[in-house]
Amino acid sequence: MKIVYYLKNFKNLPQDVISFIKKKSQKLSFIEKKEGEGILEIEIKKDKEIKEKIGFYKVKIIFDTPKRAANIVSGIGKSLYQAINDAFKKLFETLKK
């Protein structure tokens, strides 16, 4: 699986966050076995302002395989891990449908 990162308002992504994303994306391997290699695009945005006290980090995940239409989900969290976890939970829910 190819993982592509898009960073907004970040200089670089910490190594432990990258390993966290890889660990979460390994759960998608069952789909890749059926449908071929997929591309996982992750857009991470750090808000400079607090808007309605929802969160500081926004994560958008696009998962695309050759046989399936692209699944697009987003997550919000006060920490980077919460936002990533929220987005992956929503992705797994849409894949189960």
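The values are calculated or read from the model by the stated rules, or taken from the named source; none is laboratory data. All of these numbers come straight from a predicted model, not from anything done at the bench. Cβ placement follows ideal geometry from the backbone for every residue including glycine, while neighbour counts extend to all protein chains displayed.
I'd like the residue in region 19-51 that is surrounded by 14 or more Cβ atoms within 10 Å (Cβ to Cβ) and hydrophobic (A, V, I, L, M, F, W, C) and, out of all such residues, is farthest from Gln82 (Cα to Cα).
Ranking the qualifying residues of region 19-51, first place goes to Ile31.
Out of Leu13, Leu28, Leu95, report the one residue that is part of a loop (DSSP other than H, G, I, E, B), within 18 Å of Met1 (Cβ to Cβ) and either touching a residue at least 12 places away in the same chain (Cβ under 8 Å) or touching a Ser or Thr at 6+ places or on another chain (Cβ under 7 Å) (or both).
Going through Leu13, Leu28, Leu95 in turn, just one is part of a loop (DSSP other than H, G, I, E, B), within 18 Å of Met1 (Cβ to Cβ) and either touching a residue at least 12 places away in the same chain (Cβ under 8 Å) or touching a Ser or Thr at 6+ places or on another chain (Cβ under 7 Å) (or both): Leu13.
When you look at Ile21, is it under 20 Å from Tyr6 (Cα atoms), at pLDDT 90 or above and out of contact with any Asp or Glu (no Cβ under 9 Å at 6 or more places or on another chain), yes or no?
The answer is yes for Ile21.
Restricting the search to region 1-29, which residues are among the hydroxyl-bearing types (Ser, Thr, Tyr), touching a strand residue (DSSP E or B) at 6+ places or on another chain (Cβ under 7 Å) and within 23 Å of Lys96 (Cα to Cα)?
Within region 1-29, the subset among the hydroxyl-bearing types (Ser, Thr, Tyr) is 5-6, 19, 25, 29.
Cutting the leftovers down to touching a strand residue (DSSP E or B) at 6+ places or on another chain (Cβ under 7 Å) gives us 5-6, 25.
Within region 1-29, Ser25 is the sole residue that qualifies.
For residues that are more than 13 Å from Ser74 (Cα to Cα) and touching a Lys or Arg at 6+ places or on another chain (Cβ under 8 Å), scanning just region 41-54, find the one that is modelled with the lowest pLDDT.
The residue in question is Asp47.
Of the residues that sit in region 31-51 and are assigned to a loop (DSSP other than H, G, I, E, B) and more than 18 Å from Pro66 (Cα to Cα), which one is nearest to the chain's Cα centre (by Cα)?
The extreme case among them is Asp47.
State all residues of region 53-90 that are touching a residue at least 24 places away in the same chain (Cβ under 8 Å) and in a strand (DSSP E or B); if no residue qualifies, say none.
Within region 53-90, Tyr57, Lys58, Val59, Lys60, Ile61, Phe63, Asp64, Thr65, Arg68, Asn71 meet the criteria.
May I ask you to say which residue of Gln82, Gln15 is buried (at least 16 other Cβ atoms within 10 Å of the Cβ) and either at pLDDT 85 or above or at positive phi (or both)?
Result of the check over Gln82, Gln15: Gln82.
Pull out all pairs, ordered by first then second residue, where Cβ-Cβ is under 6 Å, the residues are six or more apart or on different chains, the first lies in region 34-52 and is within 15 Å of Leu13 (Cα to Cα), and the second is β-branched (Val, Ile, Thr) and at pLDDT 80 or above.
So the pair list comes out as Glu41/Val4; Glu41/Ile62; Ile42/Ile61; Ile44/Val59.
Suppose we filter region 62-82 for residues that are among the polar types (S, T, N, Q) and over 24 Å from Ser19 (Cβ atoms); how many remain?
0
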